[in-house]
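This report concerns only the one structure given below.
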Amino acid sequence: MLEFRKDLFADERDDNLNVIGKGEQRQDMLGHVTGRTRFFDDHGFEGLLHLKVVRSPHHHARIRSIDVSAAERAPGVKRVIRAQDVPVNKNTLLSLIGFGKDDEPTLAVDKVRYKGEPIVAVIADSDAEAMAAVKLVRVGYDPLPAVFDVQEALKPGAVVVNETYPGNYFEYHDKYDHQKLRFGDVEAAFRTADHVLEERYQMSPIEHASTETNGTIAAPETNDRYVVHSCAQGLFFSLGTTAKILALESNRLHFIGGTVGGGFGGKVDSLTEPLAVLGAILTGRPVRYVLGREEEMQFGSPRGAERHVIKDGVMRDGRIVARQITSYFDAGAYTRLSSYGVVKCVAHMPGPYTIPNVRGDAYCVFTNRVPATAMRGFGVTGLDFSIEVQMDKLAHLVGIDPMEFRILNAYRDGDMKAHRRVAHNTALIECVQVAAQKVNWPLSETARRASSLSGGGGPRAAIPPTVTDESGRIGRPETRQAPPQLTPGAAPLPAYQTPPAVPIYQPPPAHQPVAPLPNYPSQPAAATPPPAPVPPVPAPPAAPQHGAARFSSVFTRRR
Amino acid sequence: MARMPVQFRLNGSDRAVFVEPAETLLGTIRRGLGDFAPKFGCGQGTCGVCTVLVDGEPRLGCLTLSVTCEGRSIETASGLADGPTLHPLQAAFMEHFAAQCGFCTPGMLMAAKALLDRNPNPTRIEVVEAIAGNICRCTGYEPIINAILAAAQQRGARRA
Amino acid sequence: MPVNVRIVQGLQEAAEILAADRGALLLGGGTLLVRAINEGVMTEGTLLRAVDPALLAINAGGARVELGAGVTMAMVLANRDLSYLHAPARGIGGPAVRTTATIGGNLFAATPYGDFTAALLALDAVVTLHAGFGGAREMPLEEMLTNRARGGVGLVVSVGFNRPVGADAFRFLKVARVRPKGVSVLSIAAHLPQNAGRVSGARIAYGAMGPTPLRAKAVERVLEGQSLDAATIAATKTAALEGTMPATDAIASEWYRREVLPVHLGRLLAGETS
């Protein structure tokens, strides 16, 4: 059961609250138990029409021909919608906030890029008639080779999935084929580390499987507007997307929603709204477009597949001195929200730990799989899984209890995080302590006395001299770093004796040391170079046209 | 295709409708008669959000043809409450936080009602088995199981 | 032309329509055919609903058991004389599926469905086919399943089999990834009549290990005349995969099904619950 630990961080919290910490009946619960809650599909309309789409049976194919004549003549069919009927038939969701290029048609034009991609929409008097007519649409295809693996897709000469991004990667800051994080000098730290461990982690796509499938009912309303009963999780996001695709003033769309039959991130893509509204415009009648379960499972966006390669340098005493993470996010055939997932992933590196040298490279890769999207902490969840398994392996490697190992390396208030924000309200140490207590896991006195509130900041607040590089310029895959190699222990290999010729962010007076954690016995100093003055924080780069910096603040900004 | 007439009772009222021959009971109840309590979730008998009672037995509205329901008595979650008074299951679902998005709730309630009508004092395992055909993706099943057990207890107390 | 539904009284009329119209299908509980309509797989043709008391008959009290093709899983579960079939019946869907899913429908369920049919196969069941004007024709279930794979069967009225002797003589195991209700990774039914501690006339059948439920004849041969000891069970595990042709689907890969079948067979024969 829920437990409020008021003993922790007591002075950071106002206990004089009216709702938090007390049992409150939810205002929507009565509607749920009486069956009166109205979801998007729970609205009756006279003359309701039903829309179904023709989907690609191929992972990748050129469309040679489309013949809708038989479908148009089929019983009950009121209208067939083709790509040329869509006013703005190319969009990317995050274009509303200026992030990324339009890359996805509502209905496929020249090519299909994933199995299940919509090509033609059929509107009929009933679901059954629409489904029967869908079978009558004849599409000629020239199948193309397809690519399904992220690292294969990044190789020079790979099949081009999405011509908007000819290198099969999302372009960050108009400059790089991936999103970067640089903090300190991981290569130098690997050379001094007692152990270096490199492991690869990956996860498959995950379907949200909300009990309500994606869908929309759109109907002509008074004042030349359209009422739209939508399943969208982000109703105004969907409104903006629909307005853009249909080239309508947004005030002609009256979106009603917010009551979602399970979303979990799977209802942010406006999969059904634009076509339903277009159908209502073209027929002058209410149009309902609801995905069937198989469509939802096979073609509704999932959480994308991820692959993370983590290389850590760790000292015998348990301190992690360097962490390098290379991440590949499988966006599928179109961007949707994967580009943002990558930004979140990099912002989360290196996890809730204070590590003096961090390097991150995260790629948003296009393949011929179903486009991926948001799902519960996307960008972070898969990385966290990878990091925490890696933490267990590291703890095992150095012979330290995994709980103690986490407390030892945990970030603390005042520490500088790798993306140059000072950590506040950290609580990992307390979480581990409480978890250990709950399962009667023995912790040392030192670990029990550790606190997120003390031992942070000071030298740990410094931004170290940082090695930067120009690897992975757009259109120049040869500039990418070679895959990380497994490096042995503390003795530097001959190959590492000459520092790599890379530009330095700021003239580094010297390397910044890791501060020993206050509650731990003194640690060997040999692993870290002597202390040095803190270099100034580098000036932020010029605001990119499509960039993470701009994106990170945009949800709070009205456009 | 000629439509076919069907008569049945829906939550205690006699209803007569014309249906397409292959129309499902779910479609008839929702779009034909305007009772939107039972939901469409999968159309394949996997999720249970369309669960209704036909002559007291739990049935999947999405897999039942309306023409097979001639003369039957059909119950949905809309008919659970007695006027303003909630059914003990409804009250227990509210009390025990047994719904989050609410989409599975109408079907879950009917599956539970089918159980309690037949077996007023079920074990936990019997409750689990009774809702085994109903998927909830939000709250987890524990609050739902607890609510059904609590409703059974409360009904027992009322009878005593 | 959308899907039509015809409701007919009596098997004779149903059989005539089925014979005359290749697009006509007999509707059992609808758990497979109505799904096909919902998903747009079936967009034309005729569903035939036959109302006949013969389809709902249960004759389970004696040594010879007859079950109408329209008997539902819920009806099986409500019948105490059929307790040996409760495990396979309970394995079909959730309660709201079992109130409609019929024995007859299960005989025609494509893999990975059809677990109840595997149970009937292990009972050496015989199906009774309608043969016109009150006539009937019997056919071993195994032969019917072979015909089903080829396309033509006819109208199944009922299934018949001998009640297994002894409480432990009939065993059934359904392996699913979701409990208590999930689609089969595979199922195993075993009828193990014993004579003085030795198995005699064993029948082993699998669900979801081929295009239709199938007999594991190699395993049956291994069991013949043996006691169910560790050596025999080890030998059955070696023979377990002979004749199987599992599919890869959303539930499990062909590899996985082959990999776990011997393990589960061994447990079932050893009387271990898995």
Subject >> Per-region count, the stretch A:331-360, residues under 30 Å from A:Lys267 (Cβ atoms) and touching a Lys or Arg at 6+ places or on another chain (Cβ under 6 Å) >> reply: 2
Original post:
Give me the pairs: first residue in the stretch C:4-19 and within 14 Å of chain B (Cβ to nearest Cβ), second residue among the acidic types (Asp, Glu), beta-carbon distance under 8 Å, and six or more apart or on different chains, which are they?
Top reply: C:Gln9/C:Asp52
**OP:** Among the residues of the stretch C:96-129, write down those that are within 12 Å of chain B (Cβ to nearest Cβ), part of a helix (DSSP H, G or I) and either out of contact with any Lys or Arg (no Cβ under 9 Å at 6 or more places or on another chain) or of a type in the set (Gly, Ala, Ser) (or both).
**Re:** C:Ala96, C:Gly105
Original post:
When C:Gly182 is evaluated against the numbered criteria (1) of a type outside the set (A, V, I, L, M); (2) within 14 Å of chain B (Cβ to nearest Cβ); (3) within 13 Å of C:Ala119 (Cβ to Cβ); (4) assigned to a loop (DSSP other than H, G, I, E, B), which criterion, by number, is the only one it fails?
Top reply: (3)
Original post:
Under the condition of being aliphatic (A, V, I, L, M) and modelled with pLDDT of 95 or more, which residue from the stretch C:232-250 is nearest to C:Val185 (Cα to Cα)?
Top reply: C:Ala247
Original post:
Quick check: is even one residue across the stretch A:434-442 more than 28 Å from the chain's Cα centre (by Cα), modelled with pLDDT of 95 or more, part of a helix (DSSP H, G or I) and within 26 Å of A:Thr466 (Cα to Cα)?
Top reply: no
Original post:
Which of the residues belonging to the stretch C:42-59 are surrounded by 18 or more Cβ atoms within 10 Å (Cβ to Cβ), part of a loop (DSSP other than H, G, I, E, B) and away from chain A (no Cβ under 14 Å)?
Top reply: C:Asp52
Original post:
Do we have C:Ile37 as assigned to a helix (DSSP H, G or I) and surrounded by fewer than 18 Cβ atoms within 10 Å (Cβ to Cβ) here?
Top reply: no
Subject >> Subset of the stretch A:186-205 that is part of a strand (DSSP E or B) and in contact with a helix residue (DSSP H, G or I) (Cβ under 9 Å, 6 or more places away or on another chain) - its residue that is farthest from A:Val358 (Cα to Cα) >> reply: A:Met203
**OP:** Looking only at the stretch A:24-71, count how many residues are over 23 Å from B:Pro143 (Cα atoms), facing chain B (nearest Cβ under 8 Å) and either among the aliphatic types (A, V, I, L, M) or crowded, with 19+ Cβ neighbours inside 10 Å (or both).
**Re:** 3
Subject >> Single unsatisfied condition, B:Glu23 versus (1) over 28 Å from B:Ala151 (Cα atoms); (2) surrounded by fewer than 24 Cβ atoms within 10 Å (Cβ to Cβ); (3) of a type in the set (Asp, Glu); (4) free of Cβ contacts under 8 Å to residues at least 60 places away in the same chain >> reply: (2)
Original post:
From the set of residues in the stretch A:227-264 that are hydrophobic (A, V, I, L, M, F, W, C) and touching a His at 6+ places or on another chain (Cβ under 7 Å), which is nearest to the other protein chains (Cβ to nearest Cβ)?
Top reply: A:Phe264
**OP:** Out of the residues in the stretch A:128-152 that are surrounded by fewer than 21 Cβ atoms within 10 Å (Cβ to Cβ) and outside any loop (DSSP other than H, G, I, E, B), state the one that is nearest to the chain's Cα centre (by Cα).
**Re:** A:Gln151
Original post:
Could you count how many residues in the stretch A:298-307 are surrounded by fewer than 24 Cβ atoms within 10 Å (Cβ to Cβ) and part of a strand (DSSP E or B)?
Top reply: 1
Original post:
Within the stretch A:277-290, can you find the residues that are touching a helix residue (DSSP H, G or I) at 6+ places or on another chain (Cβ under 9 Å) and crowded, with 21+ Cβ neighbours inside 10 Å?
Top reply: A:Val277, A:Leu278, A:Pro286, A:Val287, A:Arg288, A:Tyr289, A:Val290
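For (1) under 16 Å from the mean Cα position of the chain (by Cα); (2) modelled with pLDDT under 95; (3) assigned by TED's automatic domain parsing to the domain that holds B:Cys62, each residue gets a yes or a no:
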{"residue": "B:Thr105", "(1), (2), (3)": "yes, no, no"}
{"residue": "B:Arg118", "(1), (2), (3)": "yes, no, no"}
{"residue": "B:Ile125", "(1), (2), (3)": "no, no, no"}
{"residue": "B:Ala130", "(1), (2), (3)": "yes, no, no"}
{"residue": "B:Cys138", "(1), (2), (3)": "no, yes, no"}
{"residue": "B:Ile145", "(1), (2), (3)": "yes, no, no"}
{"residue": "B:Ala150", "(1), (2), (3)": "no, no, no"}
Subject >> C:Ile37 being at the interface with chain B (Cβ under 9 Å from one of its Cβ atoms) and either among the acidic types (Asp, Glu) or more than 16 Å from the chain's Cα centre (by Cα) (or both) >> reply: yes
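The values are calculated or read from the model by the stated rules, or taken from the named source; none is laboratory data. Just so you know, these numbers come straight off a predicted model, no measurement behind them. Methodologically, a virtual Cβ is constructed for each residue, glycine included, from the backbone with ideal geometry; neighbour enumeration extends over all protein chains shown.
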